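Please treat every number below as a calculation from the coordinates, not as lab data. All values derive from a computational prediction rather than experimental measurement. Every residue, glycine among them, receives a Cβ derived from its backbone with ideal geometry; neighbour counts consider all protein chains shown.
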Amino acid sequence: MLSDRMGKKRNEYLPDYVAFDLETTGISWKKDGVVEISAVKVREGKPVDEFSTLVNPGCPISPEASAVNGITDDMVEDSPGFDEALSDFMEFAGEDVLVGHNIYSFDMKFLYRFAQKYWGKTIGNDYVDTLSLSRSCLTELPRHRLTDLASHFGISTEGAHRALKDSYMTHLVYEKLGIRLQDSSARPLEERICPSCGSVMVKRNGKYGPFWGCTSYPGCRHTEKIED
């Protein structure tokens with residue numbers, strides 16, 4: 001939903017939400033465009049509806065991006081612009097909490113940028129980043145990419161890096177993380193909230209000893225030294 005204020009980042013499980021994903025022309029949220037946006041509406045933990053469209057970004061898709069997502073300039077030539085696609089997505093999402101992987105550092109920044117460009121507003125939906133959640137409750141994993149989490153939970157990764165497939169994958173991963181969050185033994189014994197971004201901080205070990213690190217890294221690099 002359009003708003004004058006950005007929604008809050010939340011670190012919890014909710015049974016009703018919209019899982020979404022973007023595919024883009026490159027990796028810079030400041031200058032690249034969107035070539036696909038998809039979403040899955042979830043009620044009581046179950047998918048009930050979906051939304052998906054290719055997008056004509058009005059600029060070339062980088063070869064590097066096409067190599068990852070398989071989307072080419074020819075495929076999006078007759079697709080709507082992102083102003084229409086984003087409007088349709090927001091109508092689909094309504095006031096639901098948005099759920100996505102690495103959206104704090106990437107996808108939400110695209111939404112904020114283009115909402116400001118098109119309508120002079122921002123996106124007011126609260127959101128949950130499954131990357132932050134996984135870093136806080138799956139500390140045993142060495143990597144936390146969406147495909148890493150899917151493999152960890154036995155979820156198929158076939159078709160990954162297309163927005164609709166990744167939206168469904170995010171939904172399934174979030175449901176599994178929700179189970180972990182409800183198991184107190186799976187959560188860190190100690191945690192604190194990052195004063196910079198509001199994400200959960202967890203204990204980590206570095207070159208100079210243990211420290212508190214923000215789970216939204218690298219989007220947020222706030223750390224706090226743990227005194228002996």
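Match the structure shown to one of the listed values [x] 50, 36, 33; [y] 47, 40, 38; [z] 60, 35, 32 of Cα extents along the principal axes in Å, computed from it, and give that label.
Here the calculated entry is [z].
Which of the cysteines found in the chain have nothing to pair with, since no other Cys Cβ lies under 4.7 Å from theirs?
For the chain, the answer is 59, 137, because their Cβ atoms have no other cysteine Cβ under 4.7 Å.
Grab the other residues whose beta carbon is less than 10 angstrom from that of residue 152, score K and R as +1, D and E as -1, and report the net.
0
Relative to the first principal axis of the alpha-carbon coordinates of the chain, what is the inclination of helix 163-182, with its axis defined by its Cα atoms, in degrees from 0 to 90 and to the nearest 10?
20
Taking neighbour counts of Cβ atoms within 10 Å as a proxy for exposure, in what order, fewest first, do 104, 208, 112 appear?
Fewest-to-most Cβ neighbours within 10 Å comes out as 208, 112, 104.
Can you grab the distance from the C-alpha centre of the stretch 19-73 to the C-alpha centre of the stretch 213-228, Å, no decimals?
Cα centroid to Cα centroid, the span is 30 Å.
To the nearest 10 degrees, how steeply does helix 82-93 sit against the main Cα axis of the chain, on a 0 to 90 scale?
Roughly 60 degrees, rounded to the nearest 10.
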